[in-house]
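Written out below as structure tokens is the structure these notes cover.
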Amino acid sequence: MATILFLSGPNLNLLGEREPEVYGTRTLDDLVAAAREVAEAHGHTLEHVQSNHEGDLVEAVQGARGRCAAVVVNPGALTHYSFALADALAAYDGVKVELHVSNPSARESWRRTSVVAPVVTGTVAGFGEHGYRLAVEAVAACLSGR
């Protein structure tokens with residue numbers, strides 16, 4: 001059994017209320033529960049941290065070193081400018097998945113650059129609420145060597 005750290009960045013606490021035409025109507029708690037269900041089906045545990053503060057997420061990644069087998073991160077707007085979060089992820093040796101509910105590449109031009117993408121194992125984006133489950137499936141496949 002492995003522990004998967006699931007990180008949710010700024011404004012994700014507003015899922016279900018904020019721009020439902022873009023982000024859907026399910027809450028962050030709903031999406032994390034779906035991800036946890038997949039993790040448990042694969043024999044893993046899932047821890048979740050949501051913060052609107054960059055430093056909290058950096059500290060969570062640092063705290064996962066040597067303790068968690070994987071990190072799934074939906075950095076929100078930090079995707080585009082948080083070199084601190086990217087550096088923390090680069091120093092983490094496990095599986096790392098970047099997650100986005102919407103497809104940033106199909107949105108405004110400023111959303112098309114991810115400073116996190118170069119340091120993660122892979123990215124899941126644009127699948128709406130299904131992305132949370134898909135990200136954990138990807139982690140489970142990596143952890144099992146598939």
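Quick note: the coordinates plus some simple rules give every number you see, no bench work behind them. Here the structure is a predicted model, which is why all the values come from computation and not from measurement. Heads up, the Cβs are rebuilt from the backbone with ideal geometry, glycines too, and the neighbour counts pull from every protein chain shown.
If I stretch the segment between ALA90 and HIS42 completely, what's the gain in nm (0.36 nm per residue apart, minus their alpha carbon distance), one decimal?
14.7 nm
Show that you can apply the helix-only estimate: for the chain, add -39,500 (n - 2.57) for every DSSP H stretch of four or more residues, divide by all residues, and state [θ] at 222 nm to the nearest 500.
Values: 5 runs with 52 residues, N = 146.
Helix contribution divided over all residues of the chain: -10500 deg cm²/dmol.
Suppose R0 equals 22 Å. What FRET efficiency, 1/(1 + (r/R0)^6) with r the Cβ-Cβ distance, do HIS80 and GLU129 give to the nearest 0.05?
Numbers: r = 22 Å, r/R0 = 1.01.
The calculated FRET efficiency here is 0.50.
Would you mind calculating the gained length between SER109 and THR27 on full extension (0.36 nm times residue separation, minus the Cα-Cα distance), in nm to one decimal?
26.9 nm
Under 10 Å from the Cβ of GLU129, count the other residues' Cβ atoms, weight Lys and Arg +1, Asp and Glu -1, and hand me the total.
Counting the neighbours of GLU129, the net charge comes to +1.
Once phi is turned into ³J(HN,Hα) by the Karplus curve 6.51 cos²θ - 1.76 cosθ + 1.60 with θ = phi - 60°, what whole-Hz value does each residue of the range 60-72 show in order, with x for glycine and proline?
5, 5, 4, x, 7, 4, x, 10, 10, 7, 7, 10, 10
Net charge near ASP93: determine it from the other residues with C-beta under 15 Å of the C-beta of ASP93, scoring Lys and Arg +1 and Asp and Glu -1. Could you put the intermediate results ahead of the total?
Values: positive: ARG65, ARG67, LYS96; negative: ASP87.
Result for the neighbourhood of ASP93: +2.
Search the structure for amide H atoms under 5 Å from the amide H of GLY122, placed 1.01 Å from N in the peptide plane, and list their residues when 5 or more places away or on another chain.
Here the answer is LYS96, GLU98, since their amide H atoms fall under 5 Å of that of GLY122.
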